[in-house]
Amino acid sequence: QVQLVESGGGLVQAGGSLRLSCAASGRTLSRLTMGWFRQAPGKEREFVSTINWSGSTYYLDSVKGRFTISRDNAKSTVTLHMNSLKPEDTAVYFCAANRDYSRVSAREYEYDYWGQGTQVTVSS
């Protein structure tokens, strides 16, 4: 079983930055593809970014160039650096893990484990 815990959410002004972190336990991070999803009130959860075992990454078009995903396998953490934040980025952000560690997937159903989420609020 894999356990994921997110941290780093908060309130920022538009144009500001936040760094979200996800700590994984129960399985080495090198054997997991990691991803970030987000969900705004009244909306479906949507894909944000993913990184696989080799470091290949993929981003939601609306965050491309502003968000950066990275991993530290030795520390069993994945990080989402968010820059130039916009009010539409406001959501609960979830860390997720995929046991198929070679995949770079935006499909929510392909992920096996989920964290509890951390709130990100961007004011205008």
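Confirm whether A74 is more than 23 Å from S123 (Cα to Cα) and touching a Ser or Thr at 6+ places or on another chain (Cβ under 9 Å).
Details: more than 23 Å from S123 (Cα to Cα): yes; touching a Ser or Thr at 6+ places or on another chain (Cβ under 9 Å): no.
Answer is no for this residue.
So which residues in the range 87-114 are of a type in the set (D, E) and in a helix (DSSP H, G or I), if there are any at all?
Of all residues in the range 87-114, those of a type in the set (D, E) come to 88-89, 100, 108, 110, 112.
Of everything in the range 87-114, those that are of a type in the set (D, E) and in a helix (DSSP H, G or I) turn out to be E88, D89, E108, E110.
Does T121 qualify as being assigned to a strand (DSSP E or B), open to solvent by 20 Å² or more (accessible area, probe 1.4 Å) and touching a residue at least 24 places away in the same chain (Cβ under 8 Å)? Write out each step before concluding.
Working: assigned to a strand (DSSP E or B): yes; open to solvent by 20 Å² or more (accessible area, probe 1.4 Å): yes; touching a residue at least 24 places away in the same chain (Cβ under 8 Å): yes.
Spelling it out, T121 is indeed assigned to a strand (DSSP E or B), open to solvent by 20 Å² or more (accessible area, probe 1.4 Å) and touching a residue at least 24 places away in the same chain (Cβ under 8 Å).
Report every pair of residues separated by at least 6 positions or lying on different chains whose Cβ atoms are under 6 Å apart, first residue within the range 5-20 and closer than 24 Å to W114 by Cβ and of a type in the set (G, A, S), second open to solvent by 40 Å² or more (accessible area, probe 1.4 Å) and assigned to a strand (DSSP E or B).
G8/R19; G9/Q119
Yes or no: E108 more than 19 Å from G15 (Cα to Cα), open to solvent by 50 Å² or more (accessible area, probe 1.4 Å) and either in contact (Cβ under 8 Å) with a residue 12 or more places away in the chain or touching a strand residue (DSSP E or B) at 6+ places or on another chain (Cβ under 9 Å) (or both)? It would help to see each step written out before you state the result.
On the way: more than 19 Å from G15 (Cα to Cα): yes; open to solvent by 50 Å² or more (accessible area, probe 1.4 Å): yes; either in contact (Cβ under 8 Å) with a residue 12 or more places away in the chain or touching a strand residue (DSSP E or B) at 6+ places or on another chain (Cβ under 9 Å) (or both): yes.
The answer is yes for E108.
When you look at K64, is it at pLDDT 95 or above, of a type in the set (K, R), over 12 Å from the mean Cα position of the chain (by Cα) and open to solvent by 60 Å² or more (accessible area, probe 1.4 Å), yes or no? It would help to see each step written out before you state the result.
Values: at pLDDT 95 or above: yes; of a type in the set (K, R): yes; over 12 Å from the mean Cα position of the chain (by Cα): yes; open to solvent by 60 Å² or more (accessible area, probe 1.4 Å): yes.
Judged against the criteria, K64 is a match.
I'm trying to understand the selection: among the residues of the range 9-46, which are open to solvent by 40 Å² or more (accessible area, probe 1.4 Å), assigned to a strand (DSSP E or B) and out of contact with any helix residue (DSSP H, G or I) (no Cβ under 9 Å at 6 or more places or on another chain)? Write out each step before concluding.
Here is the first cut: in the range 9-46, the residues open to solvent by 40 Å² or more (accessible area, probe 1.4 Å) are 11, 13-15, 17, 19, 23, 25-28, 30-31, 39, 41-46.
Okay, now just the ones that are also assigned to a strand (DSSP E or B), so 11, 13, 19, 23, 25, 39, 46.
Listed by number, the residues that qualify are L11, Q13, R19, A23, S25, Q39.
Surrounded by 17 or more Cβ atoms within 10 Å (Cβ to Cβ) and in a strand (DSSP E or B): is that true of R71 in this structure? Spell out the reasoning first.
Details: surrounded by 17 or more Cβ atoms within 10 Å (Cβ to Cβ): yes; in a strand (DSSP E or B): yes.
Yes.
When you look at T79, is it in a strand (DSSP E or B), on the phi < 0 side of the Ramachandran plot, polar (S, T, N, Q) and open to solvent by 60 Å² or more (accessible area, probe 1.4 Å), yes or no?
So T79 does not fit the description; no.
The values are calculated or read from the model by the stated rules, or taken from the named source; none is laboratory data. What you see is a predicted model, and the numbers here were worked out from it, not measured in a lab. In this analysis, Cβ positions are derived from the backbone assuming ideal geometry, glycine residues included, and neighbour counts consider all displayed protein chains. For the accessible areas, the whole protein counts, side chains as well, though only heavy atoms, and no ligand, DNA or RNA atoms are used. Shrake-Rupley method; radii C 1.70, N 1.55, O 1.52, S 1.80 Å.
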